[in-house]
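The values are calculated or read from the model by the stated rules, or taken from the named source; none is laboratory data. Computed from a predicted structure; not experimentally measured. Using ideal geometry, Cβ is built from the backbone for each residue, glycine included, and neighbour counts are taken over all protein chains shown. Protein only, heavy atoms only, side chains kept; ligands, DNA and RNA dropped before computing areas. Shrake-Rupley method; radii C 1.70, N 1.55, O 1.52, S 1.80 Å.
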Amino acid sequence: MSRIGKMPIAIPAGVTVEIAENNKVTVKGPKGTLERVLPAELEIKNEGGEIIVNRPNDLKRMKSLHGLTRTLINNMVVGVTAGYKKELEINGTGYRAAKSGKELTLTLGYSHPVIMIDPEGITTEVTDQLKITVSGIDKEKVGQYAAEIRDKKRPEPYKGKGIKYADEVIRRKAGKTGKK
């Protein structure tokens, strides 16, 4: 039995979860509404303030979908109550970020500034030109947008210049050595 899949999901106060046909789950909370169509083979029940996910049999596909489905629903519940946040740091001389409206302008040593527009439901904040905070209620979208920002200039291993996650550790390499 899936250890994650069999755990019930507690529904906090102020959150409503609706399960429609074909396992279309809609979660409404104080921060917004999320909906997602989950695999129809699994049985999702709302029992007394808890959501329980059951699988019909022990096929490999059902086992893998069991924990995934439970985690996706849990991420939706956490998203509408607390939200998600990813923090990025910019390292490098002259590298900086600026925010105006929905536009995030990155100066990353290219001949032109890199302009990114916030997707729907995602907000970015820039503090002291070197820290970017991506936040929203959908974990998948927050992570994807943070990864797209990081891809504009990944950290390099010699000087550590580029955009990295706040909790990321960059493995540094030794530079060139002189002749002997």
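For the range 17-63, what mean projected area does the convex hull of the alpha carbons give, in nm²?
About 3.8 nm², averaged over all directions.
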Added length on full extension, which subtracts the Cα-Cα distance from 0.36 nm per residue, residue 59 to residue 144: 27.5 nm
Spin-label pair residue 102/residue 52, simplified geometry with 7 Å Cα→Cβ offset, distance in nm: 4.3
Cα centroid separation - the range 113-169 against the range 67-91, whole Å: 16
Å² per residue, accessible surface of the range 36-175 at 1.4 Å: 57
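P(r) tail for the chain, what percent of Cα pairs lie past 28 Å?
43
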Calculated from backbone phi, Karplus (6.51, -1.76, 1.60) coupling profile of the range 105-118 in Hz, x at Gly/Pro: 9, 10, 9, 10, x, 7, 6, 9, x, 9, 10, 10, 9, 4
Enclosed volume per residue, in Å³, of the convex hull spanned by Cα atoms of the range 1-104: 150
Potential lengthening between residue 16 and residue 33 on full extension [0.36 nm per residue; Cα-Cα distance subtracted]: 5.2 nm
Residue 24-residue 93 FRET efficiency (beta carbon distance; Förster radius 41 Å; 0.05 resolution): 0.20
Residue 85-residue 120 FRET efficiency (beta carbon distance; Förster radius 22 Å; 0.05 resolution): 0.80
Sulfur and carbon atoms: percent of accessible area, the chain [1.4 Å]: 50
For a label point 7 Å along the Cα-to-beta-carbon line of residue 165, residues of the range 62-76 with backbone N under 19 Å: 71-72, 75-76
Compactness of the range 85-155 as Cα Rg over 2.2 N^0.38 Å, two decimals: 1.02
DSSP-loop chymotrypsin sites (Phe, Trp or Tyr not before Pro) across the range 77-114, with at most 13 other Cβ within 10 angstrom: 110
